[in-house]
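**Student:** Below is the structure I would like to discuss, written out as structure tokens.
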Amino acid sequence: MKIIFVLPGLSRHPVGGFKIVFEYANRFTACGHDVCIVFDCLAGSLRHRKIPSFFRHVCYKLFVWYYPKWFTLNPKIRKVCAYTGINDKEIPDADFICATAVCTADDVAKLSANKGKKLYFIQGFENWGGWSVDAVKKTYQLGMKNIVIAKWLEKIVRDSGADCVLIPNGIDFDVFDIDIPIASRKGHTISMLYHEQVDKGSTYGIAALKALKDQYPDLQATLFGVPERPVDLPTWIHYVQNATQNQLRKIYNHTKIYLCPSIKDGFGLTGAEAMACGCAYVASDYGGVHEYATDRRNVLLSPPKDVKGLVAHISYLFDDDDKRIQLAQQGYKDIQNFNWNQSVDKFIDVLNEL
């Protein structure tokens with residue numbers, strides 16, 4: 001089968017939603033399918049109008065050829081720079097074509113039939129960047145085959161009057177697994193994703209870490225993220241910019257607890273990865289966490305923006321190592337249900353049905 005994924009531009013740095021698409025692309029290719037990833041470069045090109053069009057065009061072609069460097073794509077995957085946007089001229093013919101973001105949905109829906117049967121891969125409720133709630137819901141009603149990654153998204157799509165198929169994200173257990181036994185981890189160690197997006201709640205997570213440092217002077221915290229190290233981040237917090245998957249595995253394995261202070265998130269991929277690496281999981285009740293975790297079974301949840309709640313749960317696990325071990329072991333066991341083979345098989349079933 002010839003399958004096209006349409007992404008809303010380039011990403012020189014790690015992005016969770018892009019990562020999931022890249023995983024599917026690699027795995028479909030390994031199954032023998034002909035996969036193409038189209039990068040919508042129109043918006044990026046228009047932001048650099050001062051540069052002559054010819055040079056912009058050449059630069060974006062080179063960028064698409066060169067990136068992503070943070071994820072290893074199968075070399076058999078074809079990459080296309082849609083310099084003038086998502087239209088019949090830029091998009092090759094295929095059996096299936098999949099929109100992957102709200103800003104790609106309308107354009108993909110308008111493509112001619114020879115570009116392939118149309119799907120819409122929904123990883124979050126994207127009512128940001130000028131998109132209203134009603135406008136987002138209308139994209140679910142374009143007649144494409146909607147695929148969602150989470151039960152809460154399934155409800156939103158169905159409530160909007162459209163149908164959908166639920167395919168949970170998978171975790172690559174060849175990449176994320178336990179190297180340092182859960183019971184052998186020493187000290188007061190914690191890791192967290194840093195993100196400038198408000199919904200990721202980094203402000204509340206850092207506030208919790210500062211409060212914990214007062215309680216546990218030997219606290220070792222490691223943050224990782226795409227932006228440069230925040231200028232106001234305390235010097236005792238270690239920061240890793242643009243961590244590779246191998247670096248993430250090492251970070252997770254060297255910490256007892258993984259903290260996710262998100263306010264809203266479709267899934268929370270780093271939390272699932274951390275569980276696969278043996279971390280005890282402490283998080284805000286950000287919605288998507290319920291796709292793979294259950295409060296007091298394999299995660300400790302508190303309301304979003306509740307710094308005291310995060311501190312209380314982390315302190316509880318630091319002070320009772322048996323509970324920390326129990327929570328982490330249960331999390332490791334439960335997250336094994338989210339394997340990529342099941343996700344890929346279900347996605348292929350959808351394509352076969354179409």
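The values are calculated or read from the model by the stated rules, or taken from the named source; none is laboratory data. All figures in this text were calculated on a predicted structure; none of them were measured in a lab. A quick note on method: Cβ atoms are made from the backbone with ideal geometry, for glycine too, and the neighbour counts reach across all protein chains shown. For the accessible areas, the whole protein counts, side chains as well, though only heavy atoms, and no ligand, DNA or RNA atoms are used. Shrake-Rupley method; radii C 1.70, N 1.55, O 1.52, S 1.80 Å.
**Student:** Under a 1.4 Å probe, what is the accessible area of the chain per residue, stated in Å²?
**Tutor:** With the other protein chains kept in place, the chain gives 46 Å² per residue.
**Student:** Given the peptides 330-342, 281-293, 191-203, arrange them by the average over their residues of other C-beta atoms within 10 Å, most packed first.
**Tutor:** Working: 330-342: 16.3, 281-293: 23.4, 191-203: 19.3.
In decreasing order of mean packing, 330-342, 281-293, 191-203 become 281-293, 191-203, 330-342.
**Student:** Round to a whole number: what % of the accessible area of the stretch 60-218 belongs to carbon and sulfur, probe 1.4 Å? Intermediate values should be presented prior to the final figure.
**Tutor:** Values: 4010 of 7610 Å².
It is 53 percent, rounded to a whole number.
**Student:** Further question: What's the carbon and sulfur percent of the stretch 222-316's accessible surface, probe 1.4 angstrom, rounded to a whole number?
**Tutor:** The nonpolar share, carbon plus sulfur, comes to 52 percent.
**Student:** Cα to Cα, under 17 Å, and not fewer than 8 places away if on the same chain: which lysines meet these conditions relative to K200?
**Tutor:** Counting by Cα, and skipping residues close in sequence, K200 has these lysines nearby: K264, K305.
**Student:** What translational diffusion coefficient, in µm²/s and rounded to a whole number, does the Stokes-Einstein relation yield for the chain at 25 °C and a viscosity of 0.890 mPa s, taking the hydrodynamic radius as the Kirkwood radius over Cα pairs?
**Tutor:** Details: Rh = 21.3 Å.
Rounded, D is 115 µm²/s.
**Student:** I need two numbers for the stretch 203-354: Rg to one decimal and Dmax as a whole number, Cα atoms only, in Å.
**Tutor:** Every Cα atom of the stretch 203-354 included, Rg and Dmax give 16.4, 58 Å.
**Student:** Considering Cα pairs under 8 angstrom that are at least six residues apart, work out the relative contact order of the stretch 252-301 and quote it in whole percent.
**Tutor:** For the stretch 252-301, the relative contact order is 40 percent.
**Student:** Under a point spin-label approximation (7 Å from Cα along Cα-to-Cβ), what is the T235-Q215 distance to one decimal in nm?
**Tutor:** Distance between label points: 2.6 nm.
**Student:** Right, next: Please list, or write none, the aspartates and glutamates whose alpha carbon is within less than 14 Å of the alpha carbon of K323, excluding same-chain residues fewer than 8 places away.
**Tutor:** D295
**Student:** Between L166 and D106, what's the calculated FRET efficiency when r is the beta-carbon distance and R0 is 35 Å? Round to 0.05.
**Tutor:** Approximately 0.90, to the nearest 0.05.
**Student:** I've got another one for you. Straight-line reach from K19: which lysines have a Cα under 16 Å away, not including same-chain ones fewer than 8 places off?
**Tutor:** K69, K79
**Student:** Once you sort the root eigenvalues of the Cα gyration tensor of the stretch 132-269 as a ≥ b ≥ c, which label holds: rounded (a/c under 1.5), prolate (a/b larger than b/c) or oblate (the other case)?
**Tutor:** prolate
**Student:** If packing is taken as the average number of other Cβ atoms within 10 Å across a peptide's residues, how do 34-42, 303-311 rank, most packed first?
**Tutor:** Highest-to-lowest ranking by the protection proxy: 34-42, 303-311.
**Student:** Can you give the charge dipole size of the stretch 198-354 about its Cα centre, rounded to the nearest 20 debye, using +1 on the beta carbon of Lys and Arg and -1 on the beta carbon of Asp and Glu?
**Tutor:** 300
**Student:** In whole Å, what is the distance between the alpha-carbon centres of the stretch 274-297 and the stretch 131-186?
**Tutor:** If you average the Cα positions of each part, the centres end up 15 Å apart.
**Student:** Using mean Cβ contacts within 10 Å as the protection proxy, how do 244-250, 214-220 order, highest first?
**Tutor:** Listed from highest to lowest mean packing, they are 244-250, 214-220.
**Student:** I've got another one for you. Sorted from largest to smallest, which semi-axis lengths in Å does the alpha carbon gyration tensor of the stretch 55-149 give for its equivalent ellipsoid, taking the root of 5 times each eigenvalue?
**Tutor:** Taking √(5λ) for each eigenvalue gives 24, 17, 14 Å, largest first.
**Student:** Oh, and also: In the structure shown, do any of K2/K115; K138/K346; K155/K333 have a Cα-Cα gap over 19 Å, and if so which?
**Tutor:** Correct reply: K138/K346; K155/K333.
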